[in-house]
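Chemist: Sharing a structure, written as structure tokens. Questions coming.
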Amino acid sequence: MKQNIVLVTGMSGAGKSSAMNALEDLGYYCIDNFPKELLNKLPELFEKSTLYTNIAFSVSALDFVYFYRAIKEMDCTLRTLFLSASDEELLLRYRFTRRLHPIMVLGIATTFEQAIAMEREYFDKIEDMDLNLIRIDTTKMTPASVAIRIRNRFMIQGSGFTVTFQAFGFKHGVPMDADVIIDARFLPNPFYEKELKDKTGNDKEVYDYVMNDKVTQEFIVRLKSYLDLVFSEYESQNKTQMIVCVGCTGGQHRSVSICNWLYETYKNTYRCLKSHRDIGVDEE
């Protein structure tokens, strides 16, 4: 498969770290400070692993040309994300964080003003290159706003807001990473039906027993209304994932049935995953 590569570059202090975090949330394999001397090893690396289908490199002004020319020769899709901000904003950010500008670290400049001017002049010289360029001015943008902009531009198939539905049994402990816990122990329990006791919510007989009940039908209408709102607000606030855990006593019947219903309900709207944590755990 052809690699999809993004070079993240631009003015130091303009938000490359925030951009890389956003791309990582979208499923890109993000690499910072990759030595330019190893660029000739990339084709071999791509051939050996499918892990590197979508890659983002954070590249400094001084190394950008090396990366661009080397990757341009490869059989891949290459885009450049260029982040910029006004001189005044960059000065403010550096003074607030009390960090040194990379060009000052190298001893090429002695003041922030000089470093910013040198870096901007350097980038001005490569404007005429044949770049597949996406430019974002972050002067008046928060990191969250930058992330939203990047998400809209660079989303890859299968990425985006992800919801994990997990069934569990309260008797085996509550999942520690849950964002929302749904208690399904009030629903009719197939465990007390002899022909259903040893089956799970993955079996049609158990699923139908739970889901066709009048109380369950009222419950899922209210549950969907609640989750529709929560998912929508999570996504609008640039959250990338949510874990919804559904519990019953043993994690075999009711929670699994509801979990399966939720997955089927939302799988065409969001990127959905599901798991049944306690299936296979012996009942006491």
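Chemist: Under 9 Å by Cβ, and 6 or more places apart or on different chains, what pairs join a residue from segment 177-203 that is within 18 Å of C245 (Cα to Cα) with one that is open to solvent by 80 Å² or more (accessible area, probe 1.4 Å) and of a type in the set (S, T, Y)?
Modeler: V180/Y226
Chemist: Kindly provide the set of residues from segment 233-273 that are closer than 30 Å to S145 by Cα, of a type in the set (D, E, K, R) and at pLDDT 85 or above, ordered by number.
Modeler: E233, K267, listed by residue number.
Chemist: Tell me, which residue of segment 69-104 that is part of a strand (DSSP E or B) and of a type in the set (A, V, I, L, M, F, W, C) is surrounded by the most Cβ atoms within 10 Å (Cβ to Cβ)?
Modeler: L81
Residue-by-condition table, conditions (1) farther than 11 Å from G13 by Cα; (2) in contact with a Phe, Trp or Tyr (Cβ under 7 Å, 6 or more places away or on another chain); (3) of a type in the set (K, R):
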position	(1), (2), (3)
V59	yes, yes, no
R69	yes, no, yes
K72	yes, no, yes
L83	no, no, no
D87	no, no, no
R93	no, no, yes
P102	no, no, no
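Chemist: Could you list all residues from segment 36-64 that are of a type outside the set (S, T, N, Q) and either on the phi > 0 side of the Ramachandran plot or open to solvent by 60 Å² or more (accessible area, probe 1.4 Å) (or both)?
Modeler: Across segment 36-64, the qualifying residues are K36, E37, L38, K41, E44, L45, E47, K48, L51, L62.
Chemist: On the basis of being touching a Phe, Trp or Tyr at 6+ places or on another chain (Cβ under 9 Å), open to solvent by less than 60 Å² (accessible area, probe 1.4 Å) and either in a loop (DSSP other than H, G, I, E, B) or farther than 14 Å from P190 by Cβ (or both), does S255 make the cut?
Modeler: Criteria not met by S255.
Chemist: Quick check on segment 105-117: of everything there that is of a type in the set (G, A, S) and assigned to a helix (DSSP H, G or I), which residue is surrounded by the fewest Cβ atoms within 10 Å (Cβ to Cβ)?
Modeler: Among those that are of a type in the set (G, A, S) and assigned to a helix (DSSP H, G or I), it is A117.
Chemist: Take segment 6-35 and flag every residue that is open to solvent by 40 Å² or more (accessible area, probe 1.4 Å), within 18 Å of the chain's Cα centre (by Cα) and at positive phi.
Modeler: Within segment 6-35, G27 is the sole residue that qualifies.
Chemist: Still on this structure: Restricting to segment 10-42, name every residue that is of a type in the set (S, T, Y) and outside any loop (DSSP other than H, G, I, E, B).
Modeler: S17, S18, Y29
Chemist: Applying the selection to segment 204-226, what residues are in contact (Cβ under 8 Å) with a residue 24 or more places away in the chain, out of contact with any helix residue (DSSP H, G or I) (no Cβ under 8 Å at 6 or more places or on another chain) and open to solvent by 60 Å² or more (accessible area, probe 1.4 Å)?
Modeler: V215
The values are calculated or read from the model by the stated rules, or taken from the named source; none is laboratory data. Keep in mind the model is a prediction, meaning the values are calculated, not measured. For neighbour counting, all protein chains shown are included, and Cβ atoms are generated from backbone atoms with ideal geometry for every residue, glycine included. Only protein heavy atoms, including side chains, enter the accessible area calculation; ligands, DNA and RNA are left aside. Shrake-Rupley method; radii C 1.70, N 1.55, O 1.52, S 1.80 Å.
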